[in-house]
Every structure is written in structure tokens, then in C-alpha cells.
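Where a number appears in this text, it was derived from the coordinates with a stated rule and is not lab data. Remember, it's a predicted structure, so these values are computed and weren't measured experimentally. A quick note on method: Cβ atoms are made from the backbone with ideal geometry, for glycine too, and the neighbour counts reach across all protein chains shown.
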Amino acid sequence: MNEALLQFIWQYSLYKPTALQTADGETLTIIYCGKLNRDAGPDFTEAKVKVGSTTLVGNVELHIKSSDWLKHGHQNDTAYKNLVLHVVYENDVSDVAGNIPVLELKKHIPQDVLVRYTGLMHAPQKLPCAGQHERIKSITKEGWLSRLLAERWEQKLGDWNVLLENSAEDWRNLLYWRTAANFGFKTNATPFLMLAQSLPLNIPTKHKDNLMQIEALLFGQAGMLEDDFVDDYPRELQREYDYLRKKYKLKPIAGHLWKFLRMRPANFPTVRIAQFAALIHKSLHLFSQIIETHSVKEIEPLLDVTASSYWDTHFQFDSAQEQRSPKSLGKSSIQNIIINTIAPIQFLYAAKQDTYKLQEKALQLLESVPAEKNNITRLWEENGWQAVNAAQSQALLQLYNNYCSSKRCLECTIGLNIIKAPN
Ligand code: SF4
């Protein structure tokens with residue numbers, strides 16, 4: 001037994017409710033278990049219980065042992081004054097909390113609840129509920145996925161909101177920063193964001209008709225133009241960057257921040273920077289276009305860019321490939337940007353405008369993108385839970401990363417249904 005499990009059993013009434021008695025032998029009826037309090041103070045507030053013939057409304061505190069009351073120093077804490085019930089797993093010391101009625105729960109907890117909980121906590125598989133979640137109703141699962149997606153966006157958009165406030169509510173800037181980070185995908189998201197933050201958007205925008213200058217600015221600020229090159233193309237970029245750097249008093253980020261190891265060459269940051277330059281070159285009013293467009297079919301062409309011709313035969317400077325292969329962003333990368341940047345930014349924009357209809361559209365956009373394929377979605381798939389679209393794959397990522405991997409099954413709707421429901 002631990003406090004989290006005891007709270008869970010209390011919150012979801014997983015004990016046998018019949019013939020409850022206080023430690024003093026009075027009959028006890030739980031009318032309302034109370035509202036779980038995650039802050040300081042009693043564990044549950046606004047509970048309603050009937051002791052003998054008296055109905056009491058107030059707080060409830062839970063402990064594994066009644067003596068924990070003293071260990072935690074509640075006897076001197078005024079926050080515990082309005083207690084109507086002290087629920088303990090084991091009443092090892094009598095009357096520790098004065099006149100507050102005590103309920104010992106140990107003998108009321110069904111053994112199978114504990115067995116199912118222990119089964120989840122000690123499951124050796126990556127997904128502790130593998131083989132058990134299949135029997136949970138689809139409607140329950142779908143509702144839980146919606147809440148997980150909301151939680152994921154709340155976490156993500158909270159940080160974006162700070163970025164937005166730091167840039168005087170400049171939405172174009174936010175889109176520029178977040179798209180840059182997205183072009184870095186998982187491995188190079190941080191240096192890509194640093195690169196964009198080191199180069200104010202108005203500078204590449206001033207040069208947007210000249211792709212070579214945009215590339216010079218981006219590669220130069222990325223710290224990638226500091227070698228002695230052989231090819232003409234990087235040498236030209238160097239010359240251009242030297243001029244622009246002085247003109248705008250720019251300071252590049254450190255080139256060693258970029259990672260190339262264990263990456264497919266098509267994802268090398270050099271290729272991604274060249275594609276990002278092509279996007280800036282191509283898009284005149286990207287933010288207004290993106291904020292007003294809610295269909296994948298219309299957004300895909302906006303993001304469909306190809307790196308300049310030097311990159312047709314290169315993945316890195318001075319290192320030619322044998323075969324020519326133009327470096328287009330590709331459908332799955334475009335979908336990744338819609339999932340991770342466009343739909344969330346549309347949602348944040350709509351939320352800031354207080355426009356419910358537009359928030360719905362941002363969600364619908366996500367639902368119209370196919371589910372992502374990665375190690376986590378594959379793990380769910382192998383275990384019988386296949387996401388039908390990107391909204392669900394995002395929710396399943398949130399579930400695995402934030403709940404399953406740290407065994408937070410007690411805070412998960414699937415866990416609740418498995419522990420409370422008999423097989
Ligand atoms: S957190 Fe939920 S979904 Fe994940 S393993 Fe536990 S019960 Fe299953």
C-alpha cells in the first residue's frame with residue numbers, strides 16, 4: 001500500500017462500501033468522498049459523511065498509518081482544523097487526531113483491486129497494460145485521447161505563449177521560430193531555434209528575393225561557414241555572409257551544436273537549412289496564409305520546398321554525391337510540420353482571439369493528417385491500439401511519454417478502468 005493507491009481507492013470508491021464503521025464503532029456512510037486536493041492541506045475537500053445520525057461536511061485526510069498524523073505534524077497545523085474524517089489503511093495508534101472520526105480501510109479493500117494494481121506496477125512489458133486495455137470501451141479510450149491531446153497542447157502552447165509575449169505578440173516571429181525548430185526535427189530542434197533567434201526575421205525578409213543571401217545569412221548564423229572550402233558555392237556564401245554579418249552586426253551560434261551523427265543524410269542540418277532558406281524565399285505572407293488555411297491540401301503546397309541546386313548533389317559542403325537527388329522537404333516532413341507547428345499555432349491564435357470555431361478547425365486540421373509512424377505509435381499498434389489520425393497519434397505519444405513510461409497508471413483512465421473493473 002502507498003498513499004497514491006490509498007487516495008485512488010478512496011477517490012473512486014474501490015472499497016466495499018457496506019457496513020462501514022468508525023474506529024469508535026459508529027456507523028459511517030460516505031455521501032461524497034470530496035474533491036482531490038493536489039495542493040498543500042488535506043487530501044480531499046468538501047466531503048460529506050454521515051457518522052451515526054450526524055451529517056458532516058468538510059475535509060478528509062488519508063494516511064497509511066494513523067500515526068502518520070503525528071509524523072507529518074498535522075496536530076499543530078490549522079489547515080487540518082476542518083477535518084470530518086481521518087481515513088487510514090491501518091489504525092496503528094488510536095485517537096491521534098483528537099475527536100476526528102477514523103475509518104480503517106484495510107479490511108474493506110477487495111484483494112483483486114490490489115492484485116490488478118500490483119499487476120500493472122510490476123508488469124515487465126514496455127506497456128504495463130498490454131493485453132488488458134483492449135477490452136475497454138472505444139468511447140472511453142477516445143475521450144481519454146482527447147484529454148491527452150488537450151494536455152499536450154496546453155504544455156506546448158504555454159511555452160509558446162511565453163515566446164509570443166517576449167516578441168511583443170508578433171505572430172510572424174513565433175511562426176518563424178517554431179518552424180525553424182521544427183525543421184531541426186528532434187535532433188537539431190534546439191540549434192535551429194537558436195539560429196532563428198540569432199537572426200531577426202526582418203533581416204532575411206529584406207533579402208527574400210535573393211535566395212543566395214538568405215542561405216548566406218542562415219548558414220553563416222549557423223556557424224557553418226567557418227571552414228576553408230573548396231567548392232565555389234560555399235565560398236560565395238562566405239563572401240556574402242561576411243558582408244551581411246558586418247552590415248547587420250550579427251553574431252553566429254556555435255557550429256559544433258549541430259548533430260550529424262546517426263542521421264539519414266537527407267535529414268542533415270545542412271540540407272534542412274537549405275530547405276528552410278527556400279521556404280523563406282518562397283513565402284511572402286506565410287503567417288497570414290497559414291492562419292487562414294485549414295485544409296492539408298492547401299497547406300502542403302505552401303510548405304513544399306526544395307533546397308537550391310547545389311544540394312541536388314550534396315548533403316554537406318565540399319562532399320559531392322555520385323547520384324543527383326533534389327532535396328525536397330517531402331510529404332512526411334510537411335505533415336510533421338503541420339502536426340507540430342501549424343495546427344498548434346492555429347489553435348493558440350484562435351484561443352487568444354477567443355474563437356471557438358477556429359479552435360475546432362485547428363483540431364480538425366490535425367485529425368485530417370495521417371497518424372505518425374514512430375517507435376511509440378508502433379508499440380501501441382503492436383499492442384492493439386492503432387491511431388487513426390495525427391490527433392490520436394499525438395495523444396498516444398503523450399500517454400506513453402507522460403504516463404506509461406513512469407507508470408502513472410493511477411492517473412490514467414485506462415489504469416482506472418483496469419484496476420476497478422473485474423476481468
Ligand atoms: S499509464 Fe495507462 S495506458 Fe499506460 S500502461 Fe498504465 S494503464 Fe496502460
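Per-structure values
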{"quantity": "Order of His314, His72 under a 10 Å beta carbon neighbour criterion, fewest first", "calculated": "His72, His314"}
{"quantity": "Net dipole in debye of the chain [+1 Lys, Arg Cβ; -1 Asp, Glu Cβ; about Cα centre; nearest 20]", "calculated": "420 debye"}
{"quantity": "Across Lys141/Lys361; Lys35/Lys106; Lys247/Lys352; Lys126/Lys331; Lys352/Lys407; Lys282/Lys373, pairs whose alpha-carbon gap is larger than 27 Å", "calculated": "Lys247/Lys352; Lys126/Lys331; Lys352/Lys407; Lys282/Lys373"}
{"quantity": "Filter on Lys65/Lys420; Lys206/Lys259; Lys246/Lys327; Lys137/Lys357 - keep pairs with C-alpha separation over 27 Å", "calculated": "Lys206/Lys259; Lys246/Lys327; Lys137/Lys357"}
{"quantity": "Fewest-first sequence of Val102, Val93, Val88 by Cβ atoms within 10 Å of each Cβ", "calculated": "Val93, Val102, Val88"}
{"quantity": "Cα gyration tensor shape of region 1-151, rounded if a/c is under 1.5, else prolate or oblate by comparing a/b with b/c", "calculated": "prolate"}
{"quantity": "Lys48 paired with Ile139, simple spin-label distance in nm, labels 7 Å along Cα-to-beta-carbon", "calculated": "2.6 nm"}
{"quantity": "Proximal aspartates and glutamates to Lys16, defined as alpha-carbon separation beneath 18 angstrom and excluding residues fewer than eight positions away on the same chain", "calculated": "Glu26, Glu90, Glu104, Asp112"}
{"quantity": "Listed residues Arg38, Arg245, Arg324, most fluctuating in the chain (Gaussian network, C-alpha, under 10 Å)", "calculated": "Arg38"}
{"quantity": "Förster-model FRET efficiency, 45 Å R0, Asp242 and Glu367, C-beta, rounded to 0.05", "calculated": "0.40"}
{"quantity": "Peptide ranges 375-387, 104-116, 394-406 listed from the most packed, as the mean C-beta count within 10 angstrom indicates", "calculated": "394-406, 375-387, 104-116"}
{"quantity": "Cα centroid of region 59-106 to Cα centroid of region 207-230, whole Å", "calculated": "68 Å"}
{"quantity": "³J(HN,Hα) computed for each position of region 373-384 - Karplus, 6.51 cos²θ - 1.76 cosθ + 1.60, integer Hz, glycine/proline x", "calculated": "10, 8, 4, 6, 5, 5, 4, 4, 4, 4, 9, x"}
{"quantity": "Sequence ranges 177-188, 255-266, ranked by mean other-Cβ count within 10 angstrom, highest first", "calculated": "177-188, 255-266"}
{"quantity": "Amide proton proximity set for Asp92, modelled H, under 5 Å, gap of 5+", "calculated": "Ser66, Ser67"}
{"quantity": "Simple spin-label estimate for Glu154 and Ser13 in nanometres, 7 Å along Cα-Cβ", "calculated": "2.5 nm"}
{"quantity": "Order of Ile280, Ile9 under a 10 Å beta carbon neighbour criterion, fewest first", "calculated": "Ile280, Ile9"}
{"quantity": "J(HN,Hα) series, region 116-129, from Karplus relation 6.51 cos²θ - 1.76 cosθ + 1.60, nearest Hz, glycine and proline x", "calculated": "5, 5, 4, x, 5, 5, 10, 4, x, 6, 4, 10, x, 9"}
